[in-house]
Amino acid sequence: MKFFVDTADTAEIRDLAATGLVDGVTTNPSLIHKAGRNFLEVVEEICGIVDGPVSAEVVALDHEGMMREAEIVRRIADNVAVKVPLTVDGLKTCKALTSDGTMVNVTLCFTANQALLAAKAGATFISPFVGRHDDIGFDGMQIISEIRTIYDNYDFETQILVASVRHPVHVLQSAMIGADVMTAPPAVIRQLFKHPLTDRGIESFLADWGKTGQSIG
Ligand code: E4P
């Protein structure tokens with residue numbers, strides 16, 4: 001499963017990319033607002049930090065407007081994935097852009113039927129939002145299983161990009177189901193490394209090593 005970082009904070013992206021575990025980045029208008037930076041500039045900087053896909057979202061709601069914005073966004077770098085909402089105009093735009101060789105991430109997906117439409121429109125990525133679904137009392141991961149089954153039934157190449165990931169259990173469940181990608185905030189990715197028994201084990205090994213009086217090298 002590929003790991004994308006869900007942030008527009010370039011310091012965080014650089015730091016995590018140094019681990020070698022970052023396969024791409026996702027942004028959205030709220031994350032751009034949080035970063036407090038110019039949209040095109042920050043996307044360009046991120047595209048220079050990671051080699052993998054960097055999702056940058058258009059904000060127009062009509063097909064012509066989305067195409068105009070996508071033209072600007074896709075010129076930033078070869079690894080830009082244009083992010084469009086799961087609407088009629090969004091999928092029209094998806095079809096046009098992917099037919100032209102541009103990566104497209106279809107966002108704000110909340111049902112498996114929506115994911116089926118996105119795959120038929122040739123989406124590179126479909127982003128089902130599991131956390132926001134959990135927030136309103138549904139099981140977000142159930143939709144990921146449904147999408148996996150549908151995509152496998154028909155050999156769709158669209159990659160399932162689990163979004164709105166809130167905690168490590170979402171990551172575990174995504175991997176168990178066989179999602180292609182998950183995107184998580186930096187804090188959740190950092191949580192994946194942590195276990196109190198790992199910390200305690202290091203402490204006790206170091207204490208015993210100190211007692212041997214040895215050093216390596
Ligand atoms: C990523 O592409 C999505 O925009 C993001 O994961 C949404 O996460 P949120 O529901 O925590 O805002």
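Going by what's in this entry, would ILE136 be described as surrounded by 20 or more Cβ atoms within 10 Å (Cβ to Cβ), within 16 Å of the ligand (Cβ to nearest atom) and either on the phi < 0 side of the Ramachandran plot or modelled with pLDDT under 95 (or both)? No: the conditions fail for ILE136. Give the range 41-65 a look and list any residue that's in contact with a Lys or Arg (Cβ under 8 Å, 6 or more places away or on another chain), away from the ligand (no atom under 14 Å from the Cβ) and not in a loop (DSSP other than H, G, I, E, B), or say none. Selection gives ILE49, HIS63. For the range 115-136, a residue qualifies if it is in a helix (DSSP H, G or I) and out of contact with any Pro (no Cβ under 8 Å at 6 or more places or on another chain), and the qualifying residues are LEU116, LEU117, ALA118, ALA119, LYS120, VAL130, GLY131, ARG132, HIS133, ASP134, ASP135.
For LEU206, are the conditions met, namely being over 19 Å from THR111 (Cβ atoms) and not small (Gly, Ala, Ser)? Yes; evaluated as a whole, the condition is true for this residue. Residues considered: GLY201, GLY217. Of these, the only one that is surrounded by fewer than 19 Cβ atoms within 10 Å (Cβ to Cβ) and at pLDDT below 95 is GLY217. Yes or no: the range 58-71 includes at least one residue that is more than 17 Å from LEU161 (Cα to Cα), in contact (Cβ under 8 Å) with a residue 24 or more places away in the chain and in contact with a His (Cβ under 9 Å, 6 or more places away or on another chain). No, the conditions are met nowhere in the range 58-71.
Hey, any hits in the range 34-48 for a residue that's in contact (Cβ under 8 Å) with a residue 24 or more places away in the chain and under 13 Å from the mean Cα position of the chain (by Cα)? For the range 34-48, residues in contact (Cβ under 8 Å) with a residue 24 or more places away in the chain and under 13 Å from the mean Cα position of the chain (by Cα): absent. The helices (runs of 4 or more DSSP H) found entirely in the range 168-217 that carry 1 or more residues being more than 21 Å from ILE126 (Cα to Cα) are 186-193, 196-212. Answer yes or no as to whether VAL106 is surrounded by 23 or more Cβ atoms within 10 Å (Cβ to Cβ), modelled with pLDDT of 95 or more, under 16 Å from LEU61 (Cα atoms) and within 19 Å of the chain's Cα centre (by Cα). For VAL106, the condition - surrounded by 23 or more Cβ atoms within 10 Å (Cβ to Cβ), modelled with pLDDT of 95 or more, under 16 Å from LEU61 (Cα atoms) and within 19 Å of the chain's Cα centre (by Cα) - is met. Sort through ALA35, ALA112, ALA60, ALA123 and tell me the only one that's touching a strand residue (DSSP E or B) at 6+ places or on another chain (Cβ under 6 Å) and at negative phi. From the options ALA35, ALA112, ALA60, ALA123, the qualifying one is ALA123. Out of ASN28, ASN38, which single residue is within 16 Å of the ligand (Cβ to nearest atom) and either aliphatic (A, V, I, L, M) or modelled with pLDDT of 95 or more (or both)? Exactly one of ASN28, ASN38 is within 16 Å of the ligand (Cβ to nearest atom) and either aliphatic (A, V, I, L, M) or modelled with pLDDT of 95 or more (or both), namely ASN28.
The values are calculated or read from the model by the stated rules, or taken from the named source; none is laboratory data. Treat the numbers as computed from the prediction; the structure is a model and nothing was measured. Ideal geometry is used to build each Cβ from the backbone, glycine not excepted, and the neighbour counts take in all protein chains shown.
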